[in-house]
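Structure, as structure tokens:
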Amino acid sequence: MLETQNLTVRFGGHVAVNAVSCCFEPGTLTAIVGPNGAGKTTYFNLISGQLPATAGSVQLNGRELTGLPASARTRAGLGRAFQLTNLFPNLSVLENVRLAVQATKDGAHRRGLNLWSIWSDHAQLTNRALEILQSVSMTAQQDSPVASLPHGDQRKLEVALLMALEPSVYMFDEPTAGMSHDEAPVILNLIRQLKKDKTKTILLVEHKMDVVRELADRIIVLHNGNLVADGEPGEVIASPIVQEAYLGKAREAA
């Protein structure tokens, strides 16, 4: 279980996230929605450690994560994908995934500078990386430099890196942002596959309500940094506060 208790961050006199308490259970996909500036990405940053909290706490399976840096939270089981791809552009697709496999949180493949261990692990790391690339349909691009990939394939590769880290919590911040109409379904299909594993918890920040309706088991709504709704998708989307705070603004913008 991932849990935030009274999680808060202030920037000067502005409260960007205000005492948000929420639990996220394994086997569920929770969509976090709200208008621009509602605090969704900031809430993500507080959970994953990109921002320090002003107050409150983050816990994973009863372990206190609040004071830990982002790298330690990743090792604890939080896997985060960003709005912008976060890859090694000059390395190949396979090398990117192999590095992620090598950095898995259990540290099974990290044995210092013992050259015999490095060589014996090399084939195992490569085979695991190839398995992951096959699962995201990217084996054909394994030797391509990441910088040469189209944007949609870079987003797929970022999901592959998350899978390589074997997190207990997957955090997707607008995973289809910047993708074409033809590219977006590939990422959404990957998330559907991840959702089948009922030991995993998935958090999704997404503006596209058709995606939210299809994928989410639960929706929470942030507005001006406050948690204003929490429940099943149909119930939350139909609520007056969501219609006014989120859907109404989206229609006006359209």
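Things to note:
- Selection status of Val33, within 29 Å of Asn189 (Cβ to Cβ) and touching a strand residue (DSSP E or B) at 6+ places or on another chain (Cβ under 6 Å): yes
- Criterion (over 23 Å from Thr74 (Cβ atoms), out of contact with any Phe, Trp or Tyr (no Cβ under 7 Å at 6 or more places or on another chain), part of a helix (DSSP H, G or I) and at pLDDT 90 or above) met by exactly one of Arg192, Arg213: Arg192
- You will find that of Glu166, Glu174, Glu183, Glu158, the residue that is touching a His at 6+ places or on another chain (Cβ under 8 Å) and either in contact (Cβ under 8 Å) with a residue 40 or more places away in the chain or not assigned by TED's automatic domain parsing to the domain that holds Pro26 (or both) is Glu174 and no other.
- The lone exception for Arg192 - which of (1) buried (at least 16 other Cβ atoms within 10 Å of the Cβ); (2) under 15 Å from the mean Cα position of the chain (by Cα) it fails: (1)
- Test: residue in the stretch 60-72 that is out of contact with any Cys (no Cβ under 7 Å at 6 or more places or on another chain) and under 29 Å from Met209 (Cα atoms): yes
- Among the residues of the stretch 202-220, some residue qualifies, meaning at least one is under 30 Å from Gln124 (Cβ atoms) and not assigned by TED's automatic domain parsing to the domain that holds Glu131.
- Only listed residue being over 16 Å from the mean Cα position of the chain (by Cα), at pLDDT 90 or above, loosely packed, with under 14 Cβ neighbours inside 10 Å and more than 17 Å from Phe44 (Cβ to Cβ), chosen from Glu252, Glu232: Glu232
- The sole residue among Asp173, Asp210 that is among the acidic types (Asp, Glu) and surrounded by 20 or more Cβ atoms within 10 Å (Cβ to Cβ) is Asp173.
- For beta carbons closer than 9 Å, sequence separation of 6+ or different chains, a first residue in the stretch 43-69 that is aromatic (Phe, Trp, Tyr) and a second that is surrounded by fewer than 17 Cβ atoms within 10 Å (Cβ to Cβ) and assigned to a loop (DSSP other than H, G, I, E, B), the qualifying pairs are Phe44/Gln50.
- Set side by side, the residues Glu25, Glu3 differ, and just one is at pLDDT 85 or above, in contact with a Cys (Cβ under 6 Å, 6 or more places away or on another chain) and not small (Gly, Ala, Ser), which is Glu3.
- Top-ranked residue of the stretch 213-228 - restricted to ones that are of a type in the set (A, V, I, L, M) and buried (at least 21 other Cβ atoms within 10 Å of the Cβ), ranked as nearest to Leu29 (Cα to Cα): Ala216
- Within the stretch 127-152, being within 18 Å of the chain's Cα centre (by Cα) and free of Cβ contacts under 8 Å to residues at least 40 places away in the same chain holds for Ile132, Gly152.
- Note on the stretch 54-96: residues that are under 20 Å from Gln5 (Cα atoms), hydrophobic (A, V, I, L, M, F, W, C) and more than 19 Å from the chain's Cα centre (by Cα) total 1.
- Residues satisfying the stated conditions in the stretch 142-160, i.e. surrounded by 14 or more Cβ atoms within 10 Å (Cβ to Cβ) and farther than 16 Å from Glu183 by Cα: Gln142, Ser144, Pro145, Val146
- Positions within the stretch 68-93 being more than 30 Å from Thr139 (Cα to Cα) and at pLDDT below 90, in sequence order: none
The values are calculated or read from the model by the stated rules, or taken from the named source; none is laboratory data. If you're wondering where the values come from, they're calculated on a predicted model, not measured in any experiment. No Cβ is skipped: glycine too gets one built from the backbone with ideal geometry, and neighbour counts run over all protein chains shown.
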